[in-house]
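Written below as structure tokens is the structure these notes are about.
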Amino acid sequence: MRLAVVERGHRIPQKLQLAMIRVFTRRRAVDIIRTVMYRPEFFGRPMNEWTQRVMRGSSDWAVWERELFAAFTSRLNQCVF
């Protein structure tokens, strides 16, 4: 289920970014991108900061290993990114 406000309620800068995504990829931006961009101060920035810490922070695993795990999991979940 998609929330109408997340589908169409973005501010002008985010609408422009979503339009550019559509032009360059020839497809609609995936739901997580639309959600992160809807209210960046509420969800987008904290989510991006957390993701950067997980994927680039100190760890016993190398960055390429974490990227591989993420790609493999996305593939299993039939995720487009």
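What ³J(HN,Hα) values, in whole Hz, does the Karplus curve 6.51 cos²θ - 1.76 cosθ + 1.60 give for region 64-74 when θ = phi - 60°, with x put for Gly and Pro?
Couplings: 5, 5, 5, 4, 5, 4, 5, 5, 5, 5, 4 Hz.
Any chance you could run the full-extension gain for Glu65 through Arg2? It's 0.36 nm times the residue separation minus the Cα-Cα distance, nm to one decimal. Display every interim value, and only then the final one.
Values: separation 63, 0.36 × 63 = 22.68 nm, distance 3.26 nm.
Result: 19.4 nm gained on full extension.
From the helices alone, meaning DSSP H stretches of at least four residues, give me the mean residue ellipticity at 222 nm for the chain, per-run term -39500 (n - 2.57), in deg cm²/dmol to the nearest 500. Before the final figure, lay out the partial values.
Numbers: 5 runs with 53 residues, N = 81.
That calculation yields -19500 deg cm²/dmol at 222 nm.
Give me the Debye-computed log₁₀ of I(q)/I(0) at q = 0.15, 0.17, 0.27, 0.31 Å⁻¹ for region 34-81, equal point scatterers on Cα only, no solvent, two decimals.
At q = 0.15, 0.17, 0.27, 0.31 Å⁻¹ the computed log10 ratios are -0.50, -0.63, -0.97, -0.99.
As an exercise, identify the trypsin sites (Lys or Arg not before Pro) in region 19-69 lying in DSSP coil whose Cβ has no more than 14 other Cβ atoms within 10 Å.
Answer by residue number: Arg26, Arg27, Arg28.
Quote to one decimal, in nm, the extra length available between Ile12 and Asn77 on full extension: 0.36 nm per residue of separation minus the C-alpha distance between them.
Gain on extension, Ile12 to Asn77, equals 20.2 nm.
What does the net charge come to around Pro46 if you take all other residues with beta carbon closer than 15 Å to its beta carbon, with K and R at +1 and D and E at -1?
+1
Relative to the compact globular guide of 2.2 N^0.38 Å, what is the alpha carbon radius of gyration of the chain, as a ratio?
Rounded to two decimals, the normalised Rg is 1.26.
Just to confirm a number: summing +1 for Lys and Arg and -1 for Asp and Glu over residues other than Arg8 whose beta-carbon lies under 11 angstrom from that of Arg8, what do you get?
Neighbour charge sum, excluding Arg8 itself: +2.
Rounded to two decimals, what is the ratio between the C-alpha radius of gyration of region 1-47 and 2.2 N^0.38 Å?
Expressed relative to 2.2 N^0.38 Å, the Cα Rg reads 1.08.
A short reminder: the numbers here are calculations on the coordinates, not readings from a lab. A quick note: this is a predicted structure, and the numbers were derived from the prediction, not measured. Note that we place each Cβ from the backbone using ideal geometry, even for glycine, and neighbour counts take in every protein chain shown.
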